[in-house]
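Student: Sending over a structure as C-alpha coordinates; questions will come in a sec.
The values are calculated or read from the model by the stated rules, or taken from the named source; none is laboratory data. As the structure is a computational prediction, the values presented were derived from the model and not from experiment. In this analysis, Cβ positions are derived from the backbone assuming ideal geometry, glycine residues included, and neighbour counts consider all displayed protein chains.
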Ligand SMILES: NC(=O)c1ccc[n+]([C@@H]2O[C@H](COP(=O)([O-])OP(=O)(O)OC[C@H]3O[C@@H](n4cnc5c(N)ncnc54)[C@H](O)[C@@H]3O)[C@@H](O)[C@H]2O)c1
(Lines give C-alpha, C1' and ligand atoms only; values in the text may rest on other atoms or scores of the structure.)
Protein backbone atom coordinates (compact mmCIF):
# COMPACT_ATOMS: atom_id res chain seq x y z
CA UNK A 1 0.00 0.00 0.00
CA UNK A 2 1.27 3.48 -0.83
CA UNK A 3 1.22 5.90 2.07
CA UNK A 4 2.27 9.50 2.42
CA UNK A 5 3.12 11.18 5.72
CA UNK A 6 3.08 14.97 5.76
CA UNK A 7 5.26 16.50 8.47
CA UNK A 8 8.58 14.81 9.08
CA UNK A 9 8.98 15.86 12.69
CA UNK A 10 9.00 13.56 15.69
CA UNK A 11 5.66 11.96 14.99
CA UNK A 12 5.81 11.88 11.20
CA UNK A 13 9.35 10.55 10.94
CA UNK A 14 8.85 7.80 13.50
CA UNK A 15 5.49 6.82 11.98
CA UNK A 16 6.98 6.84 8.48
CA UNK A 17 9.95 4.69 9.44
CA UNK A 18 7.83 2.21 11.41
CA UNK A 19 5.05 1.92 8.80
CA UNK A 20 7.65 1.28 6.08
CA UNK A 21 9.05 -1.45 8.32
CA UNK A 22 5.53 -2.97 8.41
CA UNK A 23 5.95 -3.35 4.63
CA UNK A 24 4.13 -0.21 3.44
CA UNK A 25 5.59 2.00 0.70
CA UNK A 26 5.99 5.29 2.52
CA UNK A 27 6.93 8.72 1.27
CA UNK A 28 7.58 11.32 3.98
CA UNK A 29 6.93 14.94 3.01
CA UNK A 30 8.09 18.13 4.68
CA UNK A 31 8.20 21.75 3.52
CA UNK A 32 11.51 22.20 5.36
CA UNK A 33 13.91 21.45 2.48
CA UNK A 34 16.97 21.32 4.76
CA UNK A 35 15.35 18.53 6.80
CA UNK A 36 14.52 16.55 3.67
CA UNK A 37 18.05 17.05 2.28
CA UNK A 38 19.45 15.81 5.56
CA UNK A 39 17.25 12.69 5.50
CA UNK A 40 18.17 12.03 1.88
CA UNK A 41 21.84 12.11 2.92
CA UNK A 42 21.08 9.40 5.49
CA UNK A 43 21.23 11.78 8.46
CA UNK A 44 18.45 11.85 11.06
CA UNK A 45 17.43 15.19 12.63
CA UNK A 46 16.32 13.64 15.95
CA UNK A 47 17.86 10.96 18.17
CA UNK A 48 15.74 7.92 18.95
CA UNK A 49 17.36 4.60 19.66
CA UNK A 50 17.18 2.39 16.54
CA UNK A 51 15.60 5.04 14.29
CA UNK A 52 18.66 5.66 12.12
CA UNK A 53 19.03 1.94 11.36
CA UNK A 54 15.31 1.54 10.70
CA UNK A 55 15.39 4.43 8.23
CA UNK A 56 18.55 3.13 6.55
CA UNK A 57 17.13 -0.38 6.18
CA UNK A 58 13.81 0.71 4.68
CA UNK A 59 15.37 3.36 2.46
CA UNK A 60 17.67 0.69 1.06
CA UNK A 61 14.69 -1.59 0.45
CA UNK A 62 13.09 1.38 -1.41
CA UNK A 63 10.06 1.31 0.90
CA UNK A 64 10.86 4.72 2.43
CA UNK A 65 11.70 8.02 0.75
CA UNK A 66 11.72 11.72 1.58
CA UNK A 67 10.56 14.66 -0.50
CA UNK A 68 9.27 18.24 -0.43
CA UNK A 69 6.93 17.45 -3.34
CA UNK A 70 3.52 17.09 -1.69
CA UNK A 71 1.62 16.95 -4.99
CA UNK A 72 3.56 13.93 -6.30
CA UNK A 73 3.37 12.21 -2.91
CA UNK A 74 -0.43 12.65 -2.67
CA UNK A 75 -0.86 11.55 -6.25
CA UNK A 76 0.73 8.13 -5.62
CA UNK A 77 -0.77 7.51 -2.18
CA UNK A 78 -4.02 5.94 -1.03
CA UNK A 79 -3.55 7.14 2.54
CA UNK A 80 -2.26 10.54 3.61
CA UNK A 81 -1.27 10.99 7.24
CA UNK A 82 -1.13 14.58 8.48
CA UNK A 83 1.48 14.82 11.25
CA UNK A 84 2.36 18.51 11.21
CA UNK A 85 2.71 20.64 14.34
CA UNK A 86 -0.29 22.09 16.21
CA UNK A 87 1.41 24.71 18.43
CA UNK A 88 -0.42 26.59 21.14
CA UNK A 89 -1.67 29.96 19.92
CA UNK A 90 -1.80 33.15 22.01
CA UNK A 91 -5.28 32.39 23.37
CA UNK A 92 -4.18 28.89 24.44
CA UNK A 93 -5.98 27.03 21.66
CA UNK A 94 -4.21 24.64 19.30
CA UNK A 95 -3.24 26.48 16.13
CA UNK A 96 -4.49 24.38 13.21
CA UNK A 97 -3.01 26.52 10.44
CA UNK A 98 -0.48 23.88 9.36
CA UNK A 99 -3.14 21.15 9.38
CA UNK A 100 -5.43 23.32 7.23
CA UNK A 101 -2.54 24.22 4.91
CA UNK A 102 -1.88 20.54 4.24
CA UNK A 103 -5.59 19.64 4.04
CA UNK A 104 -6.11 22.31 1.42
CA UNK A 105 -3.14 21.19 -0.68
CA UNK A 106 -4.33 17.57 -0.49
CA UNK A 107 -7.90 18.58 -1.44
CA UNK A 108 -6.72 20.53 -4.46
CA UNK A 109 -4.43 17.71 -5.59
CA UNK A 110 -6.33 14.46 -5.05
CA UNK A 111 -7.76 12.85 -8.13
CA UNK A 112 -9.03 9.54 -6.76
CA UNK A 113 -10.28 8.11 -3.45
CA UNK A 114 -8.05 9.05 -0.48
CA UNK A 115 -8.04 8.35 3.23
CA UNK A 116 -6.83 11.46 5.05
CA UNK A 117 -5.61 10.62 8.52
CA UNK A 118 -5.25 13.20 11.28
CA UNK A 119 -2.28 12.06 13.37
CA UNK A 120 -1.50 15.49 14.81
CA UNK A 121 -3.08 16.20 18.19
CA UNK A 122 -6.21 18.21 17.43
CA UNK A 123 -9.22 19.46 19.42
CA UNK A 124 -12.48 17.52 19.38
CA UNK A 125 -14.45 18.39 16.26
CA UNK A 126 -11.41 18.95 14.03
CA UNK A 127 -12.02 15.89 11.82
CA UNK A 128 -15.53 17.14 11.11
CA UNK A 129 -14.24 20.63 10.37
CA UNK A 130 -11.44 19.30 8.13
CA UNK A 131 -13.91 17.09 6.26
CA UNK A 132 -16.01 20.18 5.43
CA UNK A 133 -12.90 22.18 4.59
CA UNK A 134 -11.64 19.51 2.20
CA UNK A 135 -15.09 19.26 0.57
CA UNK A 136 -14.92 23.00 -0.14
CA UNK A 137 -11.53 22.66 -1.86
CA UNK A 138 -12.08 19.27 -3.49
CA UNK A 139 -11.27 20.53 -7.00
CA UNK A 140 -11.74 17.16 -8.70
CA UNK A 141 -14.84 16.19 -6.69
CA UNK A 142 -13.36 12.86 -5.58
CA UNK A 143 -14.51 10.60 -2.78
CA UNK A 144 -12.49 10.74 0.46
CA UNK A 145 -12.65 9.87 4.16
CA UNK A 146 -11.15 11.60 7.18
CA UNK A 147 -9.81 9.33 9.93
CA UNK A 148 -8.64 10.34 13.42
CA UNK A 149 -5.61 8.30 14.48
CA UNK A 150 -3.97 10.12 17.43
CA UNK A 151 -0.39 9.34 18.36
CA UNK A 152 0.72 8.43 21.89
CA UNK A 153 4.49 8.05 21.46
CA UNK A 154 6.84 9.59 24.01
CA UNK A 155 10.04 11.30 22.92
CA UNK A 156 12.97 9.13 24.03
CA UNK A 157 10.93 5.93 23.72
CA UNK A 158 9.28 6.73 20.40
CA UNK A 159 10.18 3.61 18.43
CA UNK A 160 9.12 1.23 21.15
CA UNK A 161 5.92 3.20 21.76
CA UNK A 162 5.01 3.10 18.07
CA UNK A 163 5.93 -0.55 17.54
CA UNK A 164 4.46 -1.82 20.82
CA UNK A 165 1.68 0.63 21.68
CA UNK A 166 -0.83 0.06 24.50
CA UNK A 167 -3.55 0.61 21.89
CA UNK A 168 -4.25 2.00 18.43
CA UNK A 169 -7.19 4.38 18.11
CA UNK A 170 -8.99 4.64 14.79
CA UNK A 171 -11.79 7.19 14.59
CA UNK A 172 -13.88 6.93 11.46
CA UNK A 173 -17.47 6.68 10.25
CA UNK A 174 -16.44 4.84 7.08
CA UNK A 175 -16.16 1.04 6.87
CA UNK A 176 -13.94 1.43 3.79
CA UNK A 177 -11.45 3.69 5.58
CA UNK A 178 -11.54 1.50 8.69
CA UNK A 179 -10.65 -1.60 6.65
CA UNK A 180 -7.70 0.24 5.09
CA UNK A 181 -6.47 1.45 8.49
CA UNK A 182 -6.75 -2.07 9.93
CA UNK A 183 -4.64 -3.29 7.05
CA UNK A 184 -1.94 -0.72 7.82
CA UNK A 185 -1.83 -1.71 11.48
CA UNK A 186 -2.14 -5.48 10.83
CA UNK A 187 1.35 -6.27 12.28
CA UNK A 188 0.25 -4.73 15.59
CA UNK A 189 -3.07 -6.59 15.49
CA UNK A 190 -1.08 -9.81 15.18
CA UNK A 191 0.76 -8.82 18.39
CA UNK A 192 -2.69 -8.59 20.03
CA UNK A 193 -2.51 -4.82 20.39
CA UNK A 194 -6.01 -3.52 21.15
CA UNK A 195 -7.33 -1.67 18.10
CA UNK A 196 -10.12 0.65 19.22
CA UNK A 197 -12.38 1.70 16.37
CA UNK A 198 -14.72 4.50 17.25
CA UNK A 199 -16.13 7.81 15.98
CA UNK A 200 -13.82 10.67 15.03
CA UNK A 201 -15.01 12.73 18.02
CA UNK A 202 -14.38 9.89 20.48
CA UNK A 203 -10.89 9.29 19.04
CA UNK A 204 -10.08 12.99 19.43
CA UNK A 205 -11.43 12.96 22.98
CA UNK A 206 -9.41 9.84 23.89
CA UNK A 207 -6.15 11.68 23.04
CA UNK A 208 -7.06 14.75 25.11
CA UNK A 209 -8.34 12.60 28.00
CA UNK A 210 -5.11 10.54 27.96
CA UNK A 211 -2.94 13.69 27.95
CA UNK A 212 -4.84 15.31 30.82
CA UNK A 213 -4.86 12.04 32.78
CA UNK A 214 -1.06 12.04 32.53
CA UNK A 215 -0.94 15.62 33.82
CA UNK A 216 -3.24 14.69 36.74
CA UNK A 217 -1.02 11.69 37.59
CA UNK A 218 2.12 13.84 37.62
CA UNK A 219 0.49 16.56 39.74
CA UNK A 220 -0.89 13.94 42.13
CA UNK A 221 2.43 12.15 42.65
CA UNK A 222 4.20 15.51 43.14
CA UNK A 223 1.76 16.26 45.98
CA UNK A 224 2.36 12.81 47.45
CA UNK A 225 6.13 13.43 47.16
CA UNK A 226 5.76 16.60 49.24
CA UNK A 227 3.80 14.65 51.85
CA UNK A 228 6.42 11.88 51.80
CA UNK A 229 9.14 14.45 52.52
CA UNK A 230 7.18 15.63 55.55
CA UNK A 231 6.52 12.17 57.01
CA UNK A 232 9.77 10.44 55.99
CA UNK A 233 8.19 8.06 53.45
CA UNK A 234 9.75 6.98 50.15
CA UNK A 235 7.76 8.37 47.22
CA UNK A 236 9.37 5.93 44.73
CA UNK A 237 8.12 2.95 46.71
CA UNK A 238 4.70 4.58 47.08
CA UNK A 239 4.47 5.23 43.34
CA UNK A 240 5.69 1.76 42.45
CA UNK A 241 3.24 0.14 44.82
CA UNK A 242 0.40 2.20 43.34
CA UNK A 243 1.45 1.32 39.80
CA UNK A 244 1.38 4.99 38.92
CA UNK A 245 4.84 5.39 37.46
CA UNK A 246 4.43 3.20 34.39
N1 LIG B 1 6.42 14.93 19.78
C2 LIG B 1 5.65 14.15 20.50
O3 LIG B 1 6.09 13.53 21.47
C4 LIG B 1 4.19 13.97 20.14
C5 LIG B 1 3.49 12.85 20.64
C6 LIG B 1 2.17 12.67 20.27
C7 LIG B 1 1.54 13.60 19.47
N8 LIG B 1 2.22 14.71 19.01
C9 LIG B 1 1.52 15.64 18.14
O10 LIG B 1 1.87 15.34 16.79
C11 LIG B 1 1.95 16.54 16.00
C12 LIG B 1 3.34 16.70 15.42
O13 LIG B 1 4.25 16.80 16.47
P14 LIG B 1 5.83 16.75 16.23
O15 LIG B 1 6.46 16.74 17.58
O16 LIG B 1 6.16 15.66 15.28
O17 LIG B 1 6.06 18.16 15.53
P18 LIG B 1 7.40 18.75 14.86
O19 LIG B 1 7.35 20.21 15.06
O20 LIG B 1 8.58 17.94 15.34
O21 LIG B 1 7.22 18.41 13.30
C22 LIG B 1 6.26 19.00 12.50
C23 LIG B 1 6.81 18.98 11.07
O24 LIG B 1 5.79 19.42 10.17
C25 LIG B 1 6.40 20.17 9.15
N26 LIG B 1 5.40 21.00 8.47
C27 LIG B 1 4.70 22.06 8.94
N28 LIG B 1 3.87 22.54 7.98
C29 LIG B 1 4.03 21.76 6.89
C30 LIG B 1 3.46 21.73 5.59
N31 LIG B 1 2.54 22.63 5.23
N32 LIG B 1 3.86 20.79 4.72
C33 LIG B 1 4.80 19.90 5.07
N34 LIG B 1 5.38 19.85 6.30
C35 LIG B 1 5.01 20.77 7.20
C36 LIG B 1 7.48 20.98 9.86
O37 LIG B 1 8.47 21.46 8.98
C38 LIG B 1 8.00 19.92 10.85
O39 LIG B 1 9.09 19.19 10.30
C40 LIG B 1 1.53 17.67 16.96
O41 LIG B 1 0.14 17.86 16.85
C42 LIG B 1 1.87 17.10 18.32
O43 LIG B 1 1.09 17.68 19.36
C44 LIG B 1 3.55 14.89 19.31
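Student: In the stretch 1-32, which residues are in a helix (DSSP H, G or I), within 13 Å of the ligand (Cβ to nearest atom) and touching a helix residue (DSSP H, G or I) at 6+ places or on another chain (Cβ under 7 Å)?
Tutor: Selection gives 10, 14, 15, 17.
Student: Given the conditions (1) surrounded by fewer than 24 Cβ atoms within 10 Å (Cβ to Cβ); (2) more than 17 Å from residue 149 (Cα to Cα); (3) in contact with a helix residue (DSSP H, G or I) (Cβ under 6 Å, 6 or more places away or on another chain), report the number of the one that residue 85 does not fulfil.
Tutor: Answer for residue 85: the failing condition is (2).
Student: Now, a different point. Go through 144, 133, 152 for me and flag whichever is under 30 Å from residue 89 (Cβ atoms), surrounded by fewer than 21 Cβ atoms within 10 Å (Cβ to Cβ) and in contact with a strand residue (DSSP E or B) (Cβ under 7 Å, 6 or more places away or on another chain).
Tutor: 144
Student: Right, residue 79: in contact (Cβ under 8 Å) with a residue 12 or more places away in the chain, farther than 14 Å from residue 143 by Cα and touching a helix residue (DSSP H, G or I) at 6+ places or on another chain (Cβ under 8 Å) or not?
Tutor: Here the answer is no, as residue 79 does not meet what is asked.
Student: Those residues that are within 16 Å of the ligand (Cβ to nearest atom) and on the phi > 0 side of the Ramachandran plot, I need them from the stretch 135-166; list them, please.
Tutor: Result: 156, single match.
Student: All but one of (1) modelled with pLDDT of 95 or more; (2) more than 20 Å from residue 11 (Cβ to Cβ); (3) in a helix (DSSP H, G or I); (4) touching a strand residue (DSSP E or B) at 6+ places or on another chain (Cβ under 7 Å) hold for residue 189; state the number of the condition that does not hold.
Tutor: Among (1) modelled with pLDDT of 95 or more; (2) more than 20 Å from residue 11 (Cβ to Cβ); (3) in a helix (DSSP H, G or I); (4) touching a strand residue (DSSP E or B) at 6+ places or on another chain (Cβ under 7 Å), residue 189 violates only (1).
Student: Tell me, yes or no, whether the stretch 33-40 has at least one residue that is touching a helix residue (DSSP H, G or I) at 6+ places or on another chain (Cβ under 8 Å), in a helix (DSSP H, G or I) and more than 13 Å from the ligand (Cβ to nearest atom).
Tutor: No, because not a single residue in the stretch 33-40 is touching a helix residue (DSSP H, G or I) at 6+ places or on another chain (Cβ under 8 Å), in a helix (DSSP H, G or I) and more than 13 Å from the ligand (Cβ to nearest atom).
Student: How many residues are assigned to a strand (DSSP E or B) and over 14 Å from residue 203 (Cα atoms) if we restrict to the stretch 134-167?
Tutor: Residues flagged as assigned to a strand (DSSP E or B) and over 14 Å from residue 203 (Cα atoms) within the stretch 134-167 amount to 2.
Student: If you don't mind, another one. Suppose we filter 108, 88 for residues that are under 24 Å from residue 136 (Cβ atoms), within 16 Å of the ligand (Cβ to nearest atom) and without any contact (Cβ under 8 Å) to a residue 40 or more places away in the chain; which single one remains?
Tutor: 108
Student: Is it the case that residue 170 is at pLDDT 95 or above, under 23 Å from residue 13 (Cβ atoms), in contact with a helix residue (DSSP H, G or I) (Cβ under 8 Å, 6 or more places away or on another chain) and part of a helix (DSSP H, G or I)?
Tutor: So residue 170 fails the test.
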